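Report on one structure; see the data block that follows.
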Amino acid sequence: GGNTAAKTFMNIEEGGRASWYQDAIASCAGATASIAISAPLDVVKTRIQNRPFDMPESGTSIVRNLLRNEGIGGFFKGLTPKLL
């Protein structure tokens, strides 16, 4: 995933030796990519879980309303605290 991509970007061959510093940077990059990619799904899941029980709403309508009312940035709400 992100760790391998970061190591490739630093010109470390697959299976090659990396320094502690390179491993730390690659791990941080991989973790950041993982969190950023899963954030939109987490926002939709939270909206589904927080909707009123007596007002069922599908996941697609939640996504549609999120895009209409908050734009693409709405999918990344709460991303900063997760990255810190």
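The values are calculated or read from the model by the stated rules, or taken from the named source; none is laboratory data. Note that the structure is predicted; figures quoted are calculated from it, not measured. Backbone-built Cβ (ideal geometry, glycine too); neighbour counts: all protein chains shown. These accessible areas exclude ligands, DNA and RNA; they are computed on the full protein's heavy atoms, side chains included. Shrake-Rupley method; radii C 1.70, N 1.55, O 1.52, S 1.80 Å.
Which of the residues that make up the range 3-22 are outside any loop (DSSP other than H, G, I, E, B) and more than 22 Å from I37 (Cβ to Cβ)?
Those that are outside any loop (DSSP other than H, G, I, E, B) and more than 22 Å from I37 (Cβ to Cβ): W20, Y21, Q22.
Kindly indicate whether A39 is in contact with a Lys or Arg (Cβ under 9 Å, 6 or more places away or on another chain) and under 22 Å from P81 (Cα atoms).
yes
Which numbered condition trips up F75, out of (1) outside any helix (DSSP H, G or I); (2) touching a helix residue (DSSP H, G or I) at 6+ places or on another chain (Cβ under 6 Å); (3) of a type outside the set (A, V, I, L, M)?
Tallying (1) outside any helix (DSSP H, G or I); (2) touching a helix residue (DSSP H, G or I) at 6+ places or on another chain (Cβ under 6 Å); (3) of a type outside the set (A, V, I, L, M), F75 fails exactly one: (1).
Can you name every residue in the range 2-15 that is of a type outside the set (A, V, I, L, M, F, W, C) and surrounded by 14 or more Cβ atoms within 10 Å (Cβ to Cβ)?
Across the range 2-15, the qualifying residues are G2, N3, K7.
In the range 64-84, what residues are free of Cβ contacts under 8 Å to residues at least 24 places away in the same chain and aliphatic (A, V, I, L, M)?
Result: L66, L67, I72, L84.
Of the residues A18, A26, which single one is open to solvent by less than 50 Å² (accessible area, probe 1.4 Å) and modelled with pLDDT of 85 or more?
A26
Collect the residues in the range 38-84 that are among the basic types (K, R) and closer than 28 Å to G1 by Cα, keeping them in residue-number order.
Of everything in the range 38-84, those that are among the basic types (K, R) and closer than 28 Å to G1 by Cα turn out to be K45, R47, K77, K82.
So, of the residues in the range 47-77 that are under 14 Å from the mean Cα position of the chain (by Cα) and either more than 30 Å from T8 (Cβ to Cβ) or modelled with pLDDT under 90 (or both), which turns out to be least open to solvent (accessible area, probe 1.4 Å)?
Among those residues, the one meeting the criterion is G74.
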